[in-house]
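Notes follow the structure.
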């Protein structure tokens, strides 16, 4: 889903909401940030130092059931009984990307995901399919828009 840019007037009222342009440079910086977060977690673990992880658990069975029913109503199949992996969600997103349902399917898949939280107990980051992720960087903080 494209990130949105909210425009405000001098009184703080919303004057517009527009998709933020996603440049290849932004994608590259985001990938480097992800790798830096992984490297930080690995380094802290290796040294035996405390680490705050950004963890993201698998979606609940109830949310997966609701997603399966929704996708079935659109004629798409979402595997039941398989070990849930991010690639299964990505496969659905690829299937629908040029369809009239693309935006709503993307929103529903996002809502199916568990909310990421911070914890000193590493449980991995399901959404990024990473075993460890120390979230201390922000991909677009301070970047020009």
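The values are calculated or read from the model by the stated rules, or taken from the named source; none is laboratory data. Predicted, not measured: the structure shown is a model, and the values here were computed from it. Counting neighbours? That spans all protein chains shown, and the Cβs are built from the backbone with ideal geometry, glycine included.
Worth pointing out:
Yes or no, residue by residue, for (1) free of Cβ contacts under 8 Å to residues at least 40 places away in the same chain; (2) assigned to a helix (DSSP H, G or I); (3) in contact with a strand residue (DSSP E or B) (Cβ under 9 Å, 6 or more places away or on another chain); (4) closer than 28 Å to residue 137 by Cβ:
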{"residue": "33", "(1), (2), (3), (4)": "no, yes, no, yes"}
{"residue": "37", "(1), (2), (3), (4)": "no, yes, yes, yes"}
{"residue": "49", "(1), (2), (3), (4)": "yes, no, no, yes"}
{"residue": "66", "(1), (2), (3), (4)": "no, yes, no, no"}
{"residue": "75", "(1), (2), (3), (4)": "yes, no, no, no"}
{"residue": "91", "(1), (2), (3), (4)": "yes, yes, no, no"}
{"residue": "95", "(1), (2), (3), (4)": "yes, yes, no, no"}
{"residue": "98", "(1), (2), (3), (4)": "yes, no, no, no"}
{"residue": "108", "(1), (2), (3), (4)": "no, yes, no, no"}
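- Contact annotation: residue pairs with Cβ atoms under 7 Å, 6 or more positions apart or on different chains, pairing a residue in region 1-27 that is more than 28 Å from residue 105 (Cβ to Cβ) with a partner that is modelled with pLDDT of 90 or more and not in a strand (DSSP E or B), are 15/9.
- For residue 44: the one exception among (1) within 21 Å of the chain's Cα centre (by Cα); (2) surrounded by 10 or more Cβ atoms within 10 Å (Cβ to Cβ): (1)
- Matching entry among 42, 62 (being assigned to a helix (DSSP H, G or I) and in contact (Cβ under 8 Å) with a residue 12 or more places away in the chain): 42
- Leading residue by the ranking (surrounded by the most Cβ atoms within 10 Å (Cβ to Cβ)) among those in region 8-31 that are touching a strand residue (DSSP E or B) at 6+ places or on another chain (Cβ under 7 Å) and part of a loop (DSSP other than H, G, I, E, B): 20
- Taken over region 77-89, the residue count meeting the criterion of being touching a residue at least 12 places away in the same chain (Cβ under 8 Å) and in a helix (DSSP H, G or I) is 3.
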